[in-house]
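A.B. asks: Structure in structure tokens, see below.
Any read-out appearing in this document is the output of simple, stated calculations on the displayed coordinates, not a laboratory observation. Bear in mind that the values here come from a model prediction, so they are computed numbers and not experimental data. So basically every Cβ, Gly included, is an ideal-geometry build from the backbone, and we count neighbours across all protein chains shown.
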Protein chains: 2
Amino acid sequence: MTKSKCQIMEATYTALCRHGYADLSIEKIAEEFEKGKSLIYYHYSDKQELMVSFLDYLLEKMQEETGKFEDLEPDEKLDKMLEEGLAIDDPEMKEFRKAMMEMQAQTPHNPEFAEKFQQINDLLQKRFEKVLKENNVEKPEIKTEIMISTIEGLANRSISQENTKDLEKMKEEIKRYCLN
Amino acid sequence: MTKSKCQIMEATYTALCRHGYADLSIEKIAEEFEKGKSLIYYHYSDKQELMVSFLDYLLEKMQEETGKFEDLEPDEKLDKMLEEGLAIDDPEMKEFRKAMMEMQAQTPHNPEFAEKFQQINDLLQKRFEKVLKENNVEKPEIKTEIMISTIEGLANRSISQENTKDLEKMKEEIKRYCLN
């Protein structure tokens, strides 16, 4: 990815956190990007093309991060991954995940989004399954599916509901479930 | 709820399954309703007002259904409730849940939707917690939160992804988790 495309992606991230997905426009992304709107239009013809590229950029980032917990013990590794999955206390992260929830809700009508979310999911699934196998759990495939679903459900519910959940307690419970 | 309002709600359900939420319009709802558009506008000024009323209607339906498994044994009751929560094999139900996922993704920007989803959630939460207590599980509050999150995550993932999940196996796993 070229430097200017990378800067557009960073601006997209900031604009998504600020405005959410539905209200996002190339104009609003350009407000976060000093080189201006014309350079964005030079690279992308519309919001859809830009957002598909943004999902690709996220996927690339996630791939770059593969192995970042490699030096930890298996159970610490699981701990860190659960912590990341439930990291919605940070206000910026919360706004970002709201926008991701909106984008994911588009998948039934947006095949390009569906493909990207599928790839992101496949990566997460592989990564969690590997860690569960390192922890010698039984039925790692089923537990992976349950764990990712639980994290996704908890995150979405924490985002869309007023009552804050005790995510630290939830993390311990998911870990206990996984390792037993 | 008057009879004609009730018919409008039924038409809304059908139209939601057919078109999803984003593409829904009062015109499209009127196509499912023989008494026509003017009667809808007589009751509701716009799509937002109608959809808030629809969420209320769902909530009412759910309240009416309280106790429908009352005669079953505690573990059978849990079984039935999990079955209902994961009932997305049926094509109509799948379309309906896609639309609900879309509507839920609006909650951060739509306080009226947020309030209704909160009420629906509170009802579900109370109902699941009651059944877990009847099954004498430890930490019923935490398990309820994990269980509802898992069901929601699984349903959303099954809807937005190509690879079909073995939901029967998942149901057994969630049940095992709850009762242990």
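A.B. asks: How far is helix B:91-104 tilted, in degrees, relative to the longest principal axis of the Cα atoms in chain B, given as a value from 0 to 90 rounded to the nearest 10?
C.D. replies: Roughly 80 degrees, rounded to the nearest 10.
A.B. asks: Would you please calculate the Kirkwood hydrodynamic radius of the protein assembly as shown over all C-alpha pairs and express it in Å, rounded to one decimal?
C.D. replies: One decimal place: 22.0 Å for the Kirkwood radius.
A.B. asks: For the residues B:131, B:137, B:52, what sequence is obtained by ranking on other C-beta atoms within 10 Å, fewest first?
C.D. replies: With the fewest neighbours first, B:131, B:137, B:52 line up as B:52, B:137, B:131.
A.B. asks: Please state, rounded to one decimal and in Å, the Kirkwood hydrodynamic radius that region A:1-50 gives when every pair of distinct Cα atoms enters the mean of 1/r. Each step should come with its number before you reach the end.
C.D. replies: Numbers: mean 1/r = 0.0945 Å⁻¹.
Its Kirkwood hydrodynamic radius stands at 10.6 Å.
A.B. asks: Continuing with the same structure: Angle check, please: helix A:167-179 long axis (alpha carbons) against the longest principal axis of chain A (alpha carbons), in degrees 0 to 90, nearest 10.
C.D. replies: It is inclined by approximately 50 degrees.
A.B. asks: Return the calculated 222 nm mean residue ellipticity for the protein assembly as shown, to the nearest 500 deg cm²/dmol, obtained by summing -39500 (n - 2.57) across DSSP H runs with n ≥ 4 and dividing by the residue count. Could you put the intermediate results ahead of the total?
C.D. replies: Working: 18 runs with 262 residues, N = 360.
Helix-only estimate at 222 nm: -23500 deg cm²/dmol.
A.B. asks: Relative contact order of region B:65-180: what whole-number percent is it, with Cα pairs under 8 angstrom and at least 6 residues apart?
C.D. replies: 35 percent
A.B. asks: Averaged across the residues of A:139-146, what count of C-beta atoms belonging to other chains lies within 10 Å of each residue's C-beta?
C.D. replies: Values: counts 2, 0, 2, 7, 2, 0, 9, 8.
Per-residue shielding by partner chains comes out at 4.
A.B. asks: Continuing with this model, one more query. Mind telling me which of B:35, B:68, B:94 comes out most flexible in a GNM of chain B, alpha-carbon contacts under 10 Å?
C.D. replies: Largest GNM mean-square fluctuation: B:68.
A.B. asks: 7 Å along Cα→Cβ for the label point: how many nanometres lie between residue A:10 and each equivalent label in the other copies, listed shortest first?
C.D. replies: Ordered by distance, the counterparts are at 5.8 nm.
A.B. asks: Compute the relative contact order of region A:1-137 as a whole-number percentage, counting only Cα pairs closer than 8 Å that sit 6 or more residues apart in sequence.
C.D. replies: Normalised by residue count, the contact order of region A:1-137 is 29 percent.
A.B. asks: On a C-alpha basis, how far is the centre of region B:1-73 from the centre of region B:102-180 in Å? Whole number, if you could?
C.D. replies: 23 Å
A.B. asks: Quick one: helix B:111-134 against the long Cα principal axis of chain B, what's the angle to the nearest 10°, folded into 0 to 90?
C.D. replies: On a 0 to 90 degree scale, this one is about 30.
A.B. asks: Which pairs in the list A:47/A:116; A:98/B:37; B:130/B:171; A:130/B:171 are over 26 Å apart, alpha-carbon to alpha-carbon?
C.D. replies: From the list (A:47/A:116; A:98/B:37; B:130/B:171; A:130/B:171), the Cα-Cα distance tops 26 Å for A:98/B:37.
A.B. asks: Could I ask something else about it? Determine the shielding of peptide A:106-115 by partner chains: average, over its residues, the number of Cβ atoms on other chains within 10 angstrom of each Cβ.
C.D. replies: 4
A.B. asks: Still on this model: Sort B:59, A:132 so the one with the fewest other Cβ atoms within 10 Å of its own Cβ comes first.
C.D. replies: Lowest to highest Cβ neighbour count: B:59, A:132.
A.B. asks: Mind checking A:13-21 for the average number of partner chain beta-carbons within 10 Å of each residue's beta-carbon?
C.D. replies: 1
A.B. asks: Related question: If you average 1/r over every pair of different alpha-carbon atoms in chain A and take one over that average, what Kirkwood value in Å do you get?
C.D. replies: On the way: mean 1/r = 0.0566 Å⁻¹.
About 17.7 Å for chain A.
A.B. asks: Sorted from fewest to most neighbouring beta carbons within 10 Å, what does the list B:98, A:139, A:5 look like?
C.D. replies: Lowest to highest Cβ neighbour count: A:139, A:5, B:98.
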